[in-house]
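Novice: First the structure, which I've put down as structure tokens, then a few questions once you've had a look.
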Amino acid sequence: MSTVATANARPRYLTLDVIRGIAVMGILSVNIVNFSMVQAAYLNPQAYRDASIGDLVLWAVNMLLVDGKFRSLFSMLFGASMLLVIDKAESAGEWGAWLHVRRMAVLLVLGLAHAVLIWHGDILALYAIAGFIALLWARSSVSRMIAGAIIMAIVNTILFGAIAATLVHQDIAAHAPNAAPEMVRNWNANASSVFAIPSDIARDQAIYGGSWSGIVTYEWSKLWAFFSNSIALMPDTLSLMLVGMAGHRSGFFTGAWDDRTYRKIAVWGIGVGLAGHGALVVANLMTGFYVPLVLGGFLAAMVPFRFAQALGYAALFVLWSRSNSAAVKRVAAVGRAAFTNYIGTSLVCTAVFYGWGLGLYGKVTRVEAWLIVPVVWALMLVWSKPWLDRFRYGPLEWFWRSLARGRPQAMRKG
């Protein structure tokens, strides 16, 4: 089991930090699209312009290796860390559940501030809401956590499967002879989530290419839609958190299992995930990114494949962390300061693409936008370890912890 000693003599699991660090770095590889161009381009590289071969290859590589998988890891690690915080609090004589509730309340406020003031792609508010619900399983057995995860995954698949079926019906009705104008409007409105229409492109470029105050005003006006989208993603997120909780309780995420088992999970999980996502890549290319397939395929059909691949990655990263090399320690430091690195990523990328910064929003290709990703990765790796060699927490980790506990926490190491 890979652990390191902390200042209060409680163990810190190196494997959790390593997986979290890789996850927060990997998420940027796909989020960079939402930072730099209209949202429809996230799942469809041909959303509003003819994609080059490079753009299509980058989309395919991200779909095969990254998209959804690293977000799943991040969500799982959130569940695992939730139990770790509760357990540590209770071992110190505190009320763990109440501390968790305070932490989630603070995270919800910080997440909403992130969504309105910095970047609309925030995931922290969703994690906070799911974290409140996940507390119901905090004292459950591993089998009950897994059962809850399966139920939530089924709910998610049914929900987005039904949305995909509705889109197919709308497509048929909208393209039928003498189609009703309302059906045409409904289809066009939903299709714009995958194929951006000129008015959407012009609106987005005017907003995100404009002033910071204009962006904030617009994001504030969309806050209810932000909540609605978060609720729609709740079953999937809660399912992944429960998997993370079960993985922590069983010792999977803390490195307690034997190497042979981790190798099997890595091979089979990654292999199954690649097969499923490979089929989706081919299907999207062959159908010209058919709207119901793009949305239903990624959000519903890929659920088991995404889950398998994320677990396979986790097993692989656990094995890698066994080496305790200099690279492992660098990545683990990124994971220990994941909150700061996540918000820091938003600040750097919006400064590059939004109008209050360099103003490159909507002016770059997918490949050109991705070139900033290795730069941000390097920044994460460079600052995190030296900071944590001197301080107990990352800056925002300290801020979150202090607000949740109602008093400033000791920051500098002895």
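Quick note: the coordinates plus some simple rules give every number you see, no bench work behind them. Keep in mind the model is a prediction, meaning the values are calculated, not measured. Every residue, glycine as well, gets a Cβ built from its backbone with ideal geometry; the counts of neighbours run over all protein chains shown.
Novice: When we measure straight from the Cα of Lys413, which aspartates and glutamates land under 17 angstrom away, once same-chain ones fewer than 8 places off are left out?
Specialist: Asp389, Glu397
Novice: On to the next question. Quick one: divide the alpha-carbon radius of gyration of segment 3-405 by 2.2 N^0.38 Å and tell me what you get.
Specialist: 0.99
Novice: Post the alpha-carbon centroid distance, segment 96-128 to segment 289-323, in whole angstrom.
Specialist: A separation of 25 Å, based on Cα centres.
Novice: In addition: Can you give the angle from 0 to 90° between the axis of helix 234-250 and the longest principal axis of the chain, with both taken from C-alpha atoms, to the nearest 10?
Specialist: Once rounded, one gets 30 degrees.
Novice: Can you tell me the Rg and the Dmax, both Å, for the Cα atoms in segment 34-91?
Specialist: Cα radius of gyration and Dmax of segment 34-91 are 17.7, 58 Å respectively.
Novice: Given N residues in segment 272-383, what is its alpha carbon radius of gyration divided by 2.2 N^0.38 Å?
Specialist: Its radius of gyration relative to the 2.2 N^0.38 Å reference: 1.36.
Novice: List, in order, the whole-Hz ³J(HN,Hα) value for each residue of segment 406-413 obtained from phi through the Karplus relation with A = 6.51, B = -1.76, C = 1.60 and θ = phi - 60°; use x for Gly and Pro.
Specialist: So the J values, rounded to whole Hz, are x, 7, x, 9, 4, 9, 6, 6.
Novice: If you take the charge dipole of the chain about its Cα centre, with +1 on Lys and Arg Cβ and -1 on Asp and Glu Cβ, which of Ala196, Ser211, His100 is farthest toward its positive end?
Specialist: Of Ala196, Ser211, His100, it is His100.
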